[in-house]
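The values are calculated or read from the model by the stated rules, or taken from the named source; none is laboratory data. For clarity, every value in this text was computed on a predicted model and none was experimentally measured. Using ideal geometry, Cβ is built from the backbone for each residue, glycine included, and neighbour counts are taken over all protein chains shown.
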């Protein structure tokens, strides 16, 4: 079992690391300063456009695209690249590798018609527009997606959508042009997993109301953001249906597997950077007559953090390898394990590193507080910990419970 990067991955690692060093880290705070002072916090930051142009020139664009859809890199190859991007939370967009667009682009690649791909996938691949994925609802426990109440009803050659969604990432951004909406088209179907469909809704369709931005730990994640969105008698052509009525769960499972792993990859990058910053910090500060680095408790925290990062990194790499070799369905046990372990582990690592920075670790001067927010948020995104534990536990009992 060899998780050393391939020769191709090593080339990209070197080029991506150099790009981050030269173009991204030096302007990290400039990005946030611009957003904080912007008249429209949901507009694209001009700096982002400059960086995207440089990334395209450097051949660092759409690195996430899987091999079976024309990409160069396997999931295992992509993992260290996503980790590097995860060191600056807003940087994946520079390379057109940001959520939720990557997952949505894969939906179009796997399930879209030629017309749907031409209309939406091509501008997404070009970085000209953004997208959102509307699944979670405030009125029901959306961790069980069969609970969703949004209705998708056929009316002649159109579908009518009614419902309320929330924590819809990207909905606030001015460049978001298309929603992928999950709702019930056949609520009386005896098979609860065939009641749902997914349909394409352009953001400018009458009846689409982006009501408000939502915050997590008081971060609004502008200019991307998470929003509460109402669909009020929204009408779209019947051709906007993805794959076919009743196939919403099939699409969701195909989309969320790789997406969950991408979050884990980026989180590991955030944790690794936090550890490196903490190790530098403890050499620079002194208490009680010696540097922080000489205190036993500090050394223990750094050691435990290193061990934990390596554990989830190896788990994530193994999961990526299984995804490459066996596919999403067979690798679902490892995808669940990575999604259970990584956000919580990274949350704990960053918490220790924040402690080393004192009060500064909780303010905007360092990336730690926002990274902690991201890790905690990921414990809910794409399914909460408990659901993945429940699913994985069921698989394990079926596998080992009756020898």
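Out of all the residues in segment 356-371, which are on the phi < 0 side of the Ramachandran plot, part of a helix (DSSP H, G or I) and out of contact with any helix residue (DSSP H, G or I) (no Cβ under 7 Å at 6 or more places or on another chain)?
Just the residues of segment 356-371 that are on the phi < 0 side of the Ramachandran plot, to begin with: 356-357, 359-371.
Imposing the further condition that a residue be part of a helix (DSSP H, G or I) reduces the set to 356, 359-362, 368-371.
Hits for segment 356-371 are 359, 360, 370.
Of the residues 330, 387, 356, only one is modelled with pLDDT under 95 and more than 18 Å from the chain's Cα centre (by Cα); which?
Working: 387 fails: more than 18 Å from the chain's Cα centre (by Cα); 356 fails: modelled with pLDDT under 95.
Of the residues listed, the single one that is modelled with pLDDT under 95 and more than 18 Å from the chain's Cα centre (by Cα) is 330.
Every residue in segment 49-67 that is more than 18 Å from residue 21 (Cβ to Cβ) and under 21 Å from the mean Cα position of the chain (by Cα), please.
49, 61, 62, 64, 65, 66, 67
Being more than 22 Å from the chain's Cα centre (by Cα) and either buried (at least 16 other Cβ atoms within 10 Å of the Cβ) or within 24 Å of residue 144 (Cα to Cα) (or both): is that true of residue 194 here?
Working: more than 22 Å from the chain's Cα centre (by Cα): yes; either buried (at least 16 other Cβ atoms within 10 Å of the Cβ) or within 24 Å of residue 144 (Cα to Cα) (or both): yes.
So residue 194 passes the test.
Does any residue of segment 159-182 turn out to be under 30 Å from residue 222 (Cα atoms) and more than 25 Å from the chain's Cα centre (by Cα)? Lay out the reasoning, then the answer.
Here is the first cut: in segment 159-182, the residues under 30 Å from residue 222 (Cα atoms) are 161-182.
If we keep only those that are more than 25 Å from the chain's Cα centre (by Cα) as well, we get 161-162.
Scanning segment 159-182 turns up at least one residue that is under 30 Å from residue 222 (Cα atoms) and more than 25 Å from the chain's Cα centre (by Cα).
Given the conditions (1) crowded, with 18+ Cβ neighbours inside 10 Å; (2) outside any helix (DSSP H, G or I); (3) out of contact with any strand residue (DSSP E or B) (no Cβ under 9 Å at 6 or more places or on another chain), which single one is not true for residue 42?
Against the list (1) crowded, with 18+ Cβ neighbours inside 10 Å; (2) outside any helix (DSSP H, G or I); (3) out of contact with any strand residue (DSSP E or B) (no Cβ under 9 Å at 6 or more places or on another chain), residue 42 comes up short only on (3).
Quick check on my filter: what residues within segment 201-220 are surrounded by fewer than 23 Cβ atoms within 10 Å (Cβ to Cβ), under 26 Å from residue 380 (Cβ atoms) and in contact with a helix residue (DSSP H, G or I) (Cβ under 9 Å, 6 or more places away or on another chain)?
Within segment 201-220, 216, 217, 218, 219 meet the criteria.
Scan segment 1-10 for residues that are surrounded by 13 or more Cβ atoms within 10 Å (Cβ to Cβ) and either closer than 15 Å to residue 91 by Cα or without any contact (Cβ under 8 Å) to a residue 12 or more places away in the chain (or both) and jot them down. Show your work before the answer.
First, the residues of segment 1-10 that are surrounded by 13 or more Cβ atoms within 10 Å (Cβ to Cβ): 3, 5-6, 9-10.
If the condition is that a residue be surrounded by 13 or more Cβ atoms within 10 Å (Cβ to Cβ) and either closer than 15 Å to residue 91 by Cα or without any contact (Cβ under 8 Å) to a residue 12 or more places away in the chain (or both), then 10 is the only one that fits.
Of the numbered conditions (1) in a helix (DSSP H, G or I); (2) at pLDDT 95 or above, residue 68 satisfies every one except a single condition; which is it?
So residue 68 meets the others, but not (2).
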